[in-house]
Amino acid sequence: MSDFISKLIKEEFLRQELTINLIASENYAPQNVLDATGSVLTNKYAEGYPGKRYYGGCEIVDKVENYAITQGKKLFSCEHINVQPHSGSSANFAVYLSVLKPGDTILGMDLSCGGHLTHGHKVNFSGKIFNFIPYHVSPETEQLDYDEIEILANQHQPKMIVAGASAYSRTIDFKRLYDIAQKNHALLFIDIAHIAGLIAADIHPSPMPYADFVSSTTHKTLRGPRGGIIMSKLDHAQKLDKAVMPGSQGGPLMHVIAAKAVAFDNALTPEFKSYQEQVVKNSKTMCQEFKNLGYKIVSGDTDNHLFLIDLRNKNISGKEVEKLLEQSGIILNSNSIPFDPTPPTVTSGIRIGTPAVTTRGFKEKEVLQVVHLIDEAIKNKLDTNFAQKLKVEVQDLCKRFKIY
Ligand code: DSN
């Protein structure tokens, strides 16, 4: 390996070991996932699907992909799964491509309310190709406004309703969405990228009985390699597979597909269920302690692995808190809050997630300590030496809970 890159990988390894990661979409892949991702399977071209490839020499990668399919179906109790999408965005693109035409109407959650770029934002392919109608959270409860979704569905008669979020802390009512979709003859597409691990462990209800399509990434709560997957009803299987390859991708990343299979195996263990339970316990514990300290939580609570803090009563922006905490080694992201009066480069909020710290072994005691470190940093934002003092405490904590 080039000395330069090797040095940077070591530096990144140390950065990860010595900082507290509260980015809700990140995690630490276990060694068996890293091993599969770094394997010789990276060398193999295998365009097509098992048994129907456009290259010779695919007998072993066929077994790899078939195994990933079997384990993925077992994990999510789905009728069909495609394990080839390179990412969550590629997965979502393929879903739209499989059954929709440019210009078709889709209902999607507004990004500023917690949705995702690929759910219809105007700068994204989704918003450019399709006629997205955004739905929102209720300004009062800051929870999904299912009544609004129903009204919009009646009014616009969409071909599809897409739901799922990247910054939403409450349980999503898939049955209600299904009923709305059914009444309006719309397809239902649920993006579970954030909550896939919780669903796999039966901690969040599964959309599988209701949705036509379910997409996910594999590297967030699911703790696998970076990548995407799509589950669907059997009726849509053929169109979906065509939309992935040749519709939108070429050769699959066989090393990543192998790592997805390893991650599915990991997720089928009792330890994984306990891990997900602790993820949610840690999230609820942090959320309650922030409330005790006078912080305002968007929607008032959390049911899952993350929550958002509305910082307006603390007179500091999300971006300022992100930068302030980074100096001490606490890593999180600034995040818009619903109907945020500030631009996305500033934001009035932060997003806090517990999947990564839980993987390294933090339990209630440690996450409570983290809440107080954050609160102290915010209270002492004008003291330029404070960040360095805090950094010592952060590193002490990290050294007691090694990642690898
Ligand atoms: N970028 C991811 C997140 O942070 O939630 C969504 O894809």
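The values are calculated or read from the model by the stated rules, or taken from the named source; none is laboratory data. Keep in mind it's a predicted model, so treat the numbers as computed, not measured. Cβ placement follows ideal geometry from the backbone for every residue including glycine, while neighbour counts extend to all protein chains displayed.
Structure notes:
- Sole exception among (1) free of Cβ contacts under 8 Å to residues at least 40 places away in the same chain; (2) part of a strand (DSSP E or B) for Ile352, by number: (1)
- Filter pass, Leu390 being surrounded by fewer than 23 Cβ atoms within 10 Å (Cβ to Cβ) and aliphatic (A, V, I, L, M): yes
- Residue match in region 136-147 (condition: surrounded by fewer than 22 Cβ atoms within 10 Å (Cβ to Cβ), touching a strand residue (DSSP E or B) at 6+ places or on another chain (Cβ under 7 Å) and at negative phi): yes
- Residue in region 327-343 that is farthest from the ligand (Cβ to nearest atom), counting only those that are surrounded by fewer than 16 Cβ atoms within 10 Å (Cβ to Cβ) and in contact (Cβ under 8 Å) with a residue 12 or more places away in the chain: Gln327
- Filter result for Pro225 (away from the ligand (no atom under 16 Å from the Cβ) and in a loop (DSSP other than H, G, I, E, B)): no
- Check on Lys399, assigned to a helix (DSSP H, G or I) and either hydrophobic (A, V, I, L, M, F, W, C) or touching a helix residue (DSSP H, G or I) at 6+ places or on another chain (Cβ under 8 Å) (or both): yes
- Among the residues of region 219-233, those that are touching a strand residue (DSSP E or B) at 6+ places or on another chain (Cβ under 6 Å) and of a type outside the set (A, V, I, L, M) comprise Gly228, Ser232.
- Whichever residue in region 103-128 is of a type in the set (Val, Ile, Thr) and assigned to a strand (DSSP E or B) and, among such residues, is surrounded by the fewest Cβ atoms within 10 Å (Cβ to Cβ): Thr105
- Note on region 211-222: residues that are within 13 Å of the ligand (Cβ to nearest atom) and part of a strand (DSSP E or B) total 3.
- Complete set of residues in region 104-153 that are small (Gly, Ala, Ser), within 16 Å of the ligand (Cβ to nearest atom) and within 14 Å of Leu177 (Cα to Cα): Gly108
- Residue among Ser25, Ser39, Ser2 that alone is of a type outside the set (A, V, I, L, M, F, W, C), within 16 Å of the ligand (Cβ to nearest atom) and either more than 17 Å from Leu222 (Cα to Cα) or modelled with pLDDT of 95 or more (or both): Ser25
- Condition check for Tyr45: aromatic (Phe, Trp, Tyr), out of contact with any Lys or Arg (no Cβ under 6 Å at 6 or more places or on another chain) and either crowded, with 17+ Cβ neighbours inside 10 Å or part of a helix (DSSP H, G or I) (or both): no
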